[in-house]
Structure formats: C-alpha cells, structure tokens
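The values are calculated or read from the model by the stated rules, or taken from the named source; none is laboratory data. Worth saying up front: this structure is predicted, and the values here are computed from it rather than measured. Please note: Cβ atoms are built from the backbone with ideal geometry, for glycine as well, and neighbour counts cover all protein chains shown.
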Amino acid sequence: MTLIQPQPGIMDIALYQGGKAHVDGVANVVKLSSNENPLGPAPAAIEAVKASVSALTLYPSSDHGPLRRAIAEVHGLDADRIICGVGSDEVIAFLCQAYVGPGSEVVHTEHCFGMYRISTLAAGGTPVEVPERERVTDVDAILAACTDNTRLVFIANPNNPTGTMISQAEVARLADGLPEGALLVLDGAYVEFIEGFDGHAGLVDSRSNVVMTRTFSKIYGLGGLRIGWGYGPAHVIDVLNRVRGPFNVSSTALMAAEAAVRDQDWVAHCRAENARWRAWLAEALAEVGVPSDTSCTNYILCRFASADEARACVDHLQGHGLLVRYTASFNLPHGVRITIGDEAACRRVADAMRAFKSS
C-alpha cells in the first residue's frame, strides 16, 4: 500500500459527470443536457476571439482590468470589487480555498450544482445538505442547519436543476440570519434569463457577508472559453485575489467576454427567444402529462411518476437524437432536465415526448 495519500475529503468526491454530448450511431444529435445557448455567442464576441489570435504569444492581463471595468459599466458595479475566474466554478473554488478547512462546514440545498460539495471537500471542509420545500430553496431549513462552524452558504437563485427561485426578501432574510462568521454565496449563473434582475447585487452592496457569482457560459454562449466572475465586499475580493493565480484567465476569454457583456442587445434577444420557447415547451409537455415547475432559467425540470419512467424517457429521447440530463445526481431520480433549444429542437422534444407517453 502506498504511503502517498491525498488530503482527507478528496476521495469522498465523486467524479463530476457533465451533460452527454454524443450518441454512437445516431445522426443529427441535439445536445440539451448542459444548458447552453442554442443561439451561440454575440457576433462581436466571435470577432473578439478572432482578433485575440495575434496576441497569443503574450501573457494575459493579470488584473483583468478591461473586463472588470466593462462588467462594472454595464451592471452599475464597483470594478474594484469584481474578480474574474475560469468560469464561476473557479470563483467558487477560491471561496472554499480561502474560507473553508478542516472543522468548518458549508451549507447547500439538496438539489444543487455539484461543485459546492466538490469544492468544499477539496478544501477539507464538511458539506451540509439541507432539504428544499417542493424543489424550492427553504430559508428556514438553511438557517436551522447553520452552526458556529458554518463558513459558507451556497444557493443558486434561480436554482439548478429545478429552475425555481426565491424572492429578494427571502434572500435578504437569509443573509441577515447567518452566523457572524459565515458568507452567503449567491450563484447567479442564470440571472440574465430574468429581465431587469440584478442577481442580488444590491444585497452585496448593502452587506458585508454576501458574495455573488456570475458566468459567461450560459446566456452569453461562451461555455467553451471558461470565464466567469464574482462580486463581493472589498474584504472578500482582497482575500480571493491572494489565492488567484496571476494569469488564470486567457487573453481570448477576456477579450470575448468584454465584447459579449457590452452587447446587451444580443443578451436581450437571447432572453426573449428563450422565454418564448420555454413557455411553449412547458405547455406542450404538460399537455401530454409531463409536468414541470415554473422555470426562471433556460431549462425545465420534467417530473415523472418514478425513476424507472424518468430513465426510460431519457433513453427514448436519446434514441431520437435528443440528449437531456437525468437528474438522479441532483437527488431528483424522478426528474429529467431539458435545456431550451431553438424552435426546431423544442418541436423535436415535444414530438418525441408525445410518442414516449403514448407508447
């Protein structure tokens, strides 16, 4: 037996399983398993990627100044309190690295993004899972789970994979009820799908214990470049920058993200198309006996009578070239998460689901 052993907690991490992207022997496959934008990135972002090629020999900006200033201008934020990362995943990892260790606890809900648990275990902390109320974040359950050992509380609002969200007043109540030594981390990966929503940036500005994370992987269509950002109190951002690598984000990603965030017309177009086809698909599936909660995101969580039926549905859709996400890994074995695609994809899903329910 080797004496070379990882830190405690590492071997408790289950390998992350992303959404499936290919099906052997099936042509014309549509990937609806990872909540990607079917319209792709803004044309300006594509041009920025092309322009970045001439500078690939140089290290990227170490302070991400141009992108941070662009984000600040568009969203009305303080650029000095913005940090950029390799996706919002890296900002989440920074938070755990900086604030979590052996003997500390991190609270998250039962149906949530797997990186909260993974980053906690990687830092040597203890993840604490709390129940939701009918697939909606339960503030009282979270507060009841907090102790003097709680260092971070993660919620996504809207949540993944449920698509549900809680009110600004409930989020504020959660922030105000946390132990003095804990930070509330608001994962805002999907906030751009809600018109006029600031992702609770106002709460970050008015409190010293709230941090917000955001991503360019969803509505901005830049998942392949891996870039995200966080916004928090000055004392938190100062700490995170001390653990951040000096050149953690590539020049290409920085340039594309700056162009993307400045093109809010494209964001508005993507948001409108998503809302239109999300409503259409939810209604079409409900008509054939497949219910879902009202979604505030770019996916819907379909519910089935049993785990067997949910798995059979995934297999049926896959056989028709439609890749969706079975949600057992999110503690929802009766569920199937379906990304909202373009019109053609949504109509294919509706037709395939109709055939499945009538078989």
(request) May I ask you to verify whether Ser295 is among the hydroxyl-bearing types (Ser, Thr, Tyr) and assigned to a helix (DSSP H, G or I)? (result) no
(request) Of the numbered conditions (1) under 14 Å from Tyr99 (Cα atoms); (2) surrounded by 23 or more Cβ atoms within 10 Å (Cβ to Cβ), Leu225 fails exactly one; give the number of that condition. (result) (1)
(request) Report, by residue number, each residue of region 116-138 that is surrounded by fewer than 20 Cβ atoms within 10 Å (Cβ to Cβ) and in a helix (DSSP H, G or I). (result) Ala122
(request) From Ser104, Ser34, Ser88, Ser52, grab the single residue that is hydroxyl-bearing (Ser, Thr, Tyr), surrounded by 14 or more Cβ atoms within 10 Å (Cβ to Cβ) and in contact with a helix residue (DSSP H, G or I) (Cβ under 6 Å, 6 or more places away or on another chain). (result) Ser52
(message) Given the options Glu170, Glu180, name the one that is modelled with pLDDT of 95 or more and either hydrophobic (A, V, I, L, M, F, W, C) or within 21 Å of the chain's Cα centre (by Cα) (or both).
(response) Glu170
(request) Give the residues of region 55-90 that are modelled with pLDDT of 95 or more and hydroxyl-bearing (Ser, Thr, Tyr), sorted by residue number. (result) Thr57, Tyr59, Ser62, Ser88
(message) With the structure loaded, tell me whether Ala70 is over 14 Å from the mean Cα position of the chain (by Cα), more than 17 Å from Val204 (Cβ to Cβ) and assigned to a helix (DSSP H, G or I) or whether it fails that test.
(response) yes
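Every residue, every condition in (1) modelled with pLDDT of 95 or more; (2) under 24 Å from Ile300 (Cβ atoms); (3) part of a helix (DSSP H, G or I), yes or no:
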residue: Val204; (1), (2), (3): yes, no, yes
residue: Arg214; (1), (2), (3): yes, yes, no
residue: Ser217; (1), (2), (3): yes, yes, no
residue: Gly230; (1), (2), (3): yes, no, no
residue: Val236; (1), (2), (3): yes, no, yes
residue: Leu240; (1), (2), (3): yes, no, yes
residue: Gly245; (1), (2), (3): yes, no, no
residue: Glu258; (1), (2), (3): yes, no, yes
(message) Need the failing condition index for Gly76 against (1) exposed (fewer than 13 other Cβ atoms within 10 Å of the Cβ); (2) small (Gly, Ala, Ser); (3) closer than 24 Å to Trp266 by Cβ; (4) not assigned by TED's automatic domain parsing to the domain that holds Arg244, just the number.
(response) (4)
(request) May I ask you to list pairs of residues, at least six apart or on different chains, whose Cβ atoms are under 9 Å apart, with the first in region 242-270 being without any contact (Cβ under 8 Å) to a residue 12 or more places away in the chain and the second being crowded, with 23+ Cβ neighbours inside 10 Å? (result) Asp265/Ala42
(message) Taking the condition of being surrounded by 22 or more Cβ atoms within 10 Å (Cβ to Cβ) and within 15 Å of Leu240 (Cβ to Cβ), how many residues in region 188-211 meet it?
(response) 3
(message) So in region 328-359, with the set limited to residues that are under 26 Å from the mean Cα position of the chain (by Cα) and of a type in the set (Gly, Ala, Ser), which one is surrounded by the fewest Cβ atoms within 10 Å (Cβ to Cβ)?
(response) Ala344
(request) State whether the residues of region 333-352 include one that is basic (Lys, Arg), within 23 Å of Ile166 (Cβ to Cβ) and touching a residue at least 60 places away in the same chain (Cβ under 8 Å). (result) yes
(request) Kindly list, by first and then second residue, each pair from a residue in region 279-296 that is touching a residue at least 40 places away in the same chain (Cβ under 8 Å) to a residue that is small (Gly, Ala, Ser) and part of a loop (DSSP other than H, G, I, E, B), limited to pairs with Cβ atoms under 7 Å and residues at least 6 apart or on different chains. (result) Asp293/Gly163; Ser295/Gly163; Cys296/Gly163
(request) Filter region 30-67 down to residues that are assigned to a loop (DSSP other than H, G, I, E, B) and among the hydroxyl-bearing types (Ser, Thr, Tyr) and give me whichever is farthest from Ile83 (Cα to Cα). (result) Ser33
(message) Restricting to region 308-327, and then to whatever is touching a residue at least 24 places away in the same chain (Cβ under 8 Å) and in a strand (DSSP E or B), can you tell me which residue is surrounded by the fewest Cβ atoms within 10 Å (Cβ to Cβ)?
(response) Leu323
(message) If I filter region 143-159 for residues that are surrounded by fewer than 16 Cβ atoms within 10 Å (Cβ to Cβ), under 20 Å from the mean Cα position of the chain (by Cα) and either part of a loop (DSSP other than H, G, I, E, B) or small (Gly, Ala, Ser) (or both), do I get at least one hit?
(response) no
(message) Can you say whether Val49 is at pLDDT 95 or above and in contact with a strand residue (DSSP E or B) (Cβ under 6 Å, 6 or more places away or on another chain), as far as the supplied structure shows?
(response) no
